[in-house]
1. Read through the list (1) among the β-branched types (Val, Ile, Thr); (2) within 15 Å of Val171 (Cβ to Cβ); (3) within 16 Å of ligand 1 (Cβ to nearest atom), then give the number of the only condition that Thr204 fails.
2. Could you please let me know if Ile90 is over 28 Å from Leu199 (Cα atoms) and touching a residue at least 40 places away in the same chain (Cβ under 8 Å)?
3. Going by the structure shown, is Tyr148 among the aromatic types (Phe, Trp, Tyr), more than 30 Å from Thr48 (Cβ to Cβ) and not in a helix (DSSP H, G or I)?
4. Of all the residues that make up the stretch 168-210, how many are of a type in the set (Ser, Thr, Tyr) and over 23 Å from Val44 (Cα atoms)?
5. Considering only the stretch 41-125, give the strands (runs of 3 or more DSSP E) lying wholly within it that have at least 3 residues that are within 16 Å of ligand 2 (Cβ to nearest atom).
6. Scanning the stretch 266-306 for residues that are part of a helix (DSSP H, G or I) and free of Cβ contacts under 8 Å to residues at least 12 places away in the same chain, which turns out farthest from ligand 2 (Cβ to nearest atom)?
7. Could you list all residues from the stretch 307-322 that are within 16 Å of ligand 2 (Cβ to nearest atom) and of a type outside the set (Gly, Ala, Ser)?
Amino acid sequence: MEILVTGGAGYIGSHTCVELLNSGYEVIVVDNLSNSKRESLKRVQEITGKHLKFYEIDILEKVSLEKAFSENNIEAVIHFAGFKAVGESIKMPILYYHNNITGTLILCEEMRKYNVKKLVFSSSATVYGMPKSVPISEKFPLSATNPYGRTKLMIETILQDIYASDKEWSVAILRYFNPIGAHESGRIGEDPNGTPNNLMPFITQVAVGKRDKLSIFGANYATHDGTGVRDYIHVVDIAKGHLKALEKIMKTRGIEPYNLGTGVGYSVLDVIKNFEKATNKKIPYVISEPRLGDIAECYANPIKAKTILKWSAEKNIQDMCLDAWRWQINNPNGY
Ligand code: NAD
Ligand code: UD1
């Protein structure tokens with residue numbers, strides 16, 4: 001079965017391509033390499049010993065995207081392509097709305113034209129805004145606190161409208177919590193540009209000596225140790241969630257959101273302790289001001305994905321730390 005993967009050269013996309021190829025799918029990647037390198041796809045093929053087809057195209061370019069549909073026999077799409085940096089989205093909202101929303105609209109137009117109505121979409125726990133309580137279930141009210149989050153929320157709404165207009169569509173909306181870690185081979189992983197915004201890539205860069213120390217954004221939250229709590233989940237577990245979602249949408253019609261999280265929250269200090277234990281590296285840190293827009297606690301109720309998709313996370317925080325570290329030491333400057 002041929003699967004189109006948009007944004008397949010990126011962090012989560014590349015790990016998903018590995019799982020797809022290992023499970024016997026034929027993979028067609030479209031990516032404009034705006035936030036990734038061709039090398040990641042070479043390594044996906046090296047890890048799996050299998051070939052994938054790559055189109056270096058921007059999904060905003062309808063004519064180019066159409067080639068991927070006309071030249072292949074695509075049966076479903078996994079849609080990762082988009083921009084994801086919250087701070088950047090506040091500074092450049094037009095860029096974010098255009099890339100994420102127009103990109104998705106063009107993709108859906110092509111899908112409709114080629115009668116491909118099966119879609120797995122990368123959403124985010126950010127669509128829960130400032131949740132009233134934890135754990136967070138799919139039924140919680142949705143809201144967004146920044147343009148990036150609003151693109152995810154708007155796309156979810158657009159997909160609901162598409163399904164409402166044509167009941168042949170089958171869409172899985174995957175709301176990821178905090179993907180971290182890397183493939184156990186140490187060959188593919190997260191390769192952020194410049195200073196990492198997210199916790200784990202910052203920690204690994206401190207550990208490898210690229211940065212002096214970590215700043216912990218706030219230590220007075222109402223959590224067990226005062227630092228922010230998140231649901232960190234191994235990227236390979238996230239990737240496997242896409243295969244389960246794909247199996248589900250191939251058999252059904254409708255549109256459903258699913259949380260992809262472990263259901264367990266770790267604080268920033270917990271992550272540091274686990275990283276130090278897994279790697280024997282010391283992480284120097286200072287406490288600094290809370291980051292604007294951050295919430296105290298965010299973790300999933302993952303029961304829906306477990307019961308309906310038959311998926312749950314298998315890897316623990318030690319695996320996440322060790323695999324993130326292996327990727328970092330083997331590739332100190334990324335790809
Ligand atoms: P990433 O930046 O590594 O991957 C996204 C890929 O899309 C990149 O390879 C980029 O080059 C490509 N891309 C962007 N715009 C494109 C366009 N117009 N045409 C073609 N390719 C384009 O990010 P990721 O961490 O792998 O995230 C994948 C998806 O998951 C994104 O939609 C992101 O918003 C979502 N998500 C990520 C996280 C996370 O923590 N990483 C959490 C929740 C949701
Ligand atoms: C960020 C994004 C969110 C996105 C999520 C997953 C912001 C404001 N939010 O959230 O939209 O869905 O990533 O990609 O960017 N921390 C530090 N020091 C650091 C970095 C982080 O203390 O240098 C803390 C944060 O305050 C937070 C935790 O570590 O408590 C995790 O941060 P991060 O990895 O950025 O993820 P989120 O805050 O969940």
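1. (2)
2. Numbers: over 28 Å from Leu199 (Cα atoms): no; touching a residue at least 40 places away in the same chain (Cβ under 8 Å): yes.
So Ile90 fails the test.
3. Details: among the aromatic types (Phe, Trp, Tyr): yes; more than 30 Å from Thr48 (Cβ to Cβ): yes; not in a helix (DSSP H, G or I): no.
Answer is no for this residue.
4. First, the residues of the stretch 168-210 that are of a type in the set (Ser, Thr, Tyr): 170, 176, 185, 195, 204.
Right, trim to over 23 Å from Val44 (Cα atoms) and you get 170, 195.
Count: 2.
5. On the way: elements: 53-55, 74-79, 118-124.
Strands (runs of 3 or more DSSP E) meeting the threshold: 118-124.
6. The selected residue is Lys306.
7. Of the stretch 307-322, the ones within 16 Å of ligand 2 (Cβ to nearest atom) are 313, 317, 320-321.
Of everything in the stretch 307-322, those that are within 16 Å of ligand 2 (Cβ to nearest atom) and of a type outside the set (Gly, Ala, Ser) turn out to be Ile317, Met320, Cys321.
A quick yes/no check of all residues on (1) out of contact with any Ser or Thr (no Cβ under 7 Å at 6 or more places or on another chain); (2) under 19 Å from Asp225 (Cα atoms); (3) not aliphatic (A, V, I, L, M):
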| site | (1), (2), (3) |
| --- | --- |
| Val264 | yes, yes, no |
| Glu276 | yes, yes, yes |
| Pro284 | yes, yes, yes |
| Leu309 | yes, no, no |
| Ser312 | yes, no, yes |
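The values are calculated or read from the model by the stated rules, or taken from the named source; none is laboratory data. Given the structure is predicted, the values throughout are model-derived calculations rather than measurements. Here Cβ is always computed from backbone atoms with ideal geometry, including for glycine, and neighbour counts include all displayed protein chains.
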